[in-house]
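Let me begin by presenting the structure, written as structure tokens, before commenting on it.
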Amino acid sequence: MLTFHQRSLASVLTLAVAACSGNDSPEPSQAQSSTSSGSTLTTGSGTGSSITSSVASSTGAASTATTGNATITTSAGSTGAGTTSSSTGQVSASTTGGETTGASATTVTGTTGSATTGSTGAGGTGSTATATSTTGGTGESCPSDATFCSSFEDNALPEGAVYKLNGDPATPWTTDFEVDGTQAHSGASSLRVRPSGEGSGAYKMLAVPTPGAAFWVRFYIRSDVELGVVDHNVFAAAAGSDDPNESVFVEFAEDVGLSFNSHDVVRWPQGYGRLDGGGTNPYALPPNAWHCIEIHYDGSARAQQLYIEGELQIDAQDYPAGTSAFTTFKFGYNALHGTVRNTWYDDVAVAANRIGCL
């Protein structure tokens with residue numbers, strides 16, 4: 001809350017800046033830069049905070065003002081005074097002009113962003129402000145180079161997806177899948193793989209195109225059963241075609257924990273799976289929560305990488321034994337050993353470059 005003294009000083013400071021510049025303040029969501037005699041102005045934008053700083057070449061008195069949630073301090077140097085304003089966040093910043101001023105910096109933290117302002121100067125040089133934002137992820141919902149994206153917001157088979165099964169080809173895709181409005185990572189719904197008394201080899205997959213043998217996928221997965229049980233079941237795979245019985249594949253599966261599996265040659269996270277000294281240590285994710293999965297497949301280089309929540313967990317080099325001409329990414333559920341579960345997918349994307357968690 002502003003005191004009467006702070007409101008008065010804020011009004012004086014605002015009138016002084018308006019009189020000198022004759023311009024309105026820039027919108028807080030825009031990044032702008034301008035220069036004038038004896039001053040440098042750089043503004044940065046980022047989610048949660050936006051910082052504007054300037055130092056003018058004119059002698060001024062020291063003052064303190066508060067604007068919104070920001071506390072602004074200016075102090076006169078031998079050649080100039082500085083002003084700083086912030087649009088959002090709890091911010092405290094100061095600038096000092098003058099020939100004897102050294103370098104100073106103030107770290108500014110907003111609700112979800114941060115910014116750093118600093119002033120340097122002999123001879124009343126100006127200050128530079130930058131803003132960065134950290135909102136919990138850097139990914140995109142659907143990047144420009146994507147060959148498939150869906151957040152499953154309508155009841156139609158997602159564009160680009162193919163549904164095939166070991167059975168009657170006239171079977172509708174909704175036999176094994178439904179768009180579910182009770183669960184969603186983003187938006188209003190997600191894709192649920194229907195459980196149906198999972199017998200051995202209950203293949204329920206959608207197949208989508210990849211940009212080539214090397215590609216990235218990002219998806220969110222949820223299950224009402226722990227992800228990473230001892231039995232071998234499949235959640236997703238890079239494959240040579242959309243055929244359910246395709247022999248070229250690298251699975252994202254569970255088999256003594258989460259793993260890569262290609263013809264029962266398995267790669268686990270370091271320290272997990274079947275241990276060299278005997279025994280097992282499954283890598284598992286808890287049920288009833290969304291988990292971000294990223295996979296980099298490279299069939300030509302024989303290099304497959306699994307990231308969970310943005311952290312590298314499996315780096316499988318020289319794997320599998322031969323090169324693979326991947327053309328297809330599959331996701332769903334293939335219950336090879338009958339584990340019955342509900343499985344949900346959301347925010348699935350396939351692209352040539354890393355997409356990132358949201």
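Scanning segment 327-349 for residues that are in a strand (DSSP E or B) and touching a Gly at 6+ places or on another chain (Cβ under 9 Å) yields THR328, ASN334, ALA335, THR343, TYR345, ASP346, ASP347, ALA349. Pairing each residue of segment 254-283 that is without any contact (Cβ under 8 Å) to a residue 12 or more places away in the chain and on the phi < 0 side of the Ramachandran plot with any residue that is among the acidic types (Asp, Glu) and surrounded by fewer than 21 Cβ atoms within 10 Å (Cβ to Cβ), provided the two are 6+ apart or on different chains, yields no C-beta distance under 7 Å. Only residues that are more than 19 Å from PHE152 (Cα to Cα) and over 24 Å from the mean Cα position of the chain (by Cα) were counted across segment 180-212, and they come to 8.
Going residue by residue through segment 305-313, is there one that turns out to be out of contact with any strand residue (DSSP E or B) (no Cβ under 9 Å at 6 or more places or on another chain) and surrounded by fewer than 15 Cβ atoms within 10 Å (Cβ to Cβ)? Scanning segment 305-313 turns up at least one residue that is out of contact with any strand residue (DSSP E or B) (no Cβ under 9 Å at 6 or more places or on another chain) and surrounded by fewer than 15 Cβ atoms within 10 Å (Cβ to Cβ). Looking across SER324, SER241, SER300, one residue alone is crowded, with 19+ Cβ neighbours inside 10 Å, outside any strand (DSSP E or B), touching a residue at least 40 places away in the same chain (Cβ under 8 Å) and assigned by TED's automatic domain parsing to the domain that holds VAL179. It is SER324.
Exactly one residue out of ALA253, ALA214 is surrounded by fewer than 18 Cβ atoms within 10 Å (Cβ to Cβ), within 21 Å of ILE308 (Cβ to Cβ) and out of contact with any Cys (no Cβ under 6 Å at 6 or more places or on another chain): that is ALA214.
Of all the criteria given as (1) touching a Gly at 6+ places or on another chain (Cβ under 6 Å); (2) modelled with pLDDT under 95; (3) of a type in the set (Val, Ile, Thr), the one not satisfied by VAL208 is (2).
Scanning segment 265-295 for residues that are part of a strand (DSSP E or B) and buried (at least 18 other Cβ atoms within 10 Å of the Cβ) yields VAL266, ARG267, GLY273, LEU285, CYS292, ILE293, GLU294, ILE295.
For segment 214-236, the set of residues classified as more than 21 Å from HIS185 (Cβ to Cβ) and either outside the structural domain of GLU294 (by TED's automatic domain parsing) or within 24 Å of the chain's Cα centre (by Cα) (or both) consists of ALA214, PHE215, listed by residue number.
Checking each residue in segment 186-205 for being out of contact with any Gly (no Cβ under 6 Å at 6 or more places or on another chain) and not in a loop (DSSP other than H, G, I, E, B) picks out SER190, LEU191, ARG192, ALA202, TYR203. Of the residues screened, TYR163 is one that is in contact with a helix residue (DSSP H, G or I) (Cβ under 6 Å, 6 or more places away or on another chain) and either more than 19 Å from ALA321 (Cα to Cα) or touching a residue at least 12 places away in the same chain (Cβ under 8 Å) (or both).
The values are calculated or read from the model by the stated rules, or taken from the named source; none is laboratory data. Bear in mind that the values here come from a model prediction, so they are computed numbers and not experimental data. No Cβ is skipped: glycine too gets one built from the backbone with ideal geometry, and neighbour counts run over all protein chains shown.
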